[in-house]
1. What is the gain in length, in nm to one decimal, between T205 and E120 on full extension, counting 0.36 nm per residue of separation less the C-alpha to C-alpha distance?
2. Using 1/(1 + (r/R0)^6) with R0 = 25 angstrom and r between the beta carbons of S165 and R189, what's the FRET efficiency to the nearest 0.05?
3. Over 25 Å between Cα atoms: which of K157/K190; K190/K215; K140/K179 fall into that group?
4. With a 1.4 Å probe and every protein chain kept in, tell me what percent of the accessible surface of segment 170-214 is carbon plus sulfur.
5. Note down the relative contact order for segment 128-218 as a percent, whole number, built from C-alpha pairs under 8 angstrom at least six residues apart.
6. Placing unit charges on C-beta atoms (Lys and Arg positive, Asp and Glu negative, everything else neutral), compute the dipole magnitude of segment 131-218 about its Cα centre in debye, rounded to 20.
7. Provide the packing ranking of 197-210, 178-191, i.e. peptides ordered by the mean count of other C-beta atoms within 10 Å per residue, highest first.
Amino acid sequence: MPVLGLLLGLVAVVLSAITLAKAMSRTAAAIGLTLGVIALIINVIVLAALGSAVSNAADTASATTAATADPTVATTEPTPDATTEPPTVTPTTEAAATAVAPTTKAPTTKAPATRPVSAEEENAIRSAQSYLEFAAFSRKGLIRQLSSEAGEGYSVKAATYAVDSLHINFNEQAYKSAKNYLAMTSFSRKGLIRQLESDAGEGFTHSQAVYGVTKAGL
C-alpha cells in the first residue's frame, strides 16, 4: 500500500509537471490533482495504520517483557509427610500365654466325729455342776477338786473334760470368790489378788484375779 501511494503520487507529480510544461488542458491537471489528493489520503491512512500497528506491537512487546521480567510463580506449600506412629505392640510371652491358673482345692475338713461320753465323764460333769452351785472355782482349782484323792477321785482326763465342757465364765468365778473372801475377812487389793491367783489359794490367772477384785470394789 505505501508503494501504491508513492506511485500515485509520482504520477500526479508527473502529470502536474507535464501540464505545467506543455500547458495541457485543465482536465489533465484536475486528474493529476485528484490522483495526488488520493495518494496523499492513502498515505495518511497507511501511515495512521502503520502507527497504530507499531503502537500495538510496542504495547504487546512491553507486556511480554514485563511478564518475562516479573513472572508470577505459584507457591505451593510443601505437603508435610504424614507421620505415622509405629503400632504399639504388646509383648506376649509364652509364659503369660500358656499360664494356667493353678486350681487350688478348698481344704475339706470333716468335722471330728464326736466320741461318746464315758460314764466317768458324765459323772464328773454332774459333780462339777454341784460344786459350782455352792462355791466359786477357778479352772485349775475345779479340776484339782474333781481329780484329787481328797476330793472326788476322778481321773485328770475326765475332770478336765467335765470342766471344759461346761464353758464356765471364770472371770465371774473370780468375782464371786473375791466377794466371799471379803465377806469373811479383810484384804488389801494386792493381797486379795495374790490369794486368788496363787496355787495355794484359788488358782485363778492374774487377769481373772484382777477382774474379780476390781469388780468386788477393791
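The values are calculated or read from the model by the stated rules, or taken from the named source; none is laboratory data. Quick caveat: nothing in here was measured; it's all calculated off a predicted structure. Positions of Cβ are generated from backbone atoms using ideal geometry, with glycine treated the same way; all protein chains shown enter the neighbour counts. Each accessible area value is taken on the protein alone, full model and side chains, heavy atoms only, with ligands, DNA and RNA left out. Shrake-Rupley method; radii C 1.70, N 1.55, O 1.52, S 1.80 Å.
1. Length gained between T205 and E120: 27.8 nm.
2. Taking R0 as 25 Å, the efficiency between S165 and R189 is 0.15.
3. K157/K190
4. Carbon with sulfur: 51 percent of the solvent-accessible area.
5. Relative contact order here is 31 percent.
6. Dipole size: approximately 340 debye.
7. So the order, starting with the most tightly packed, is 197-210, 178-191.
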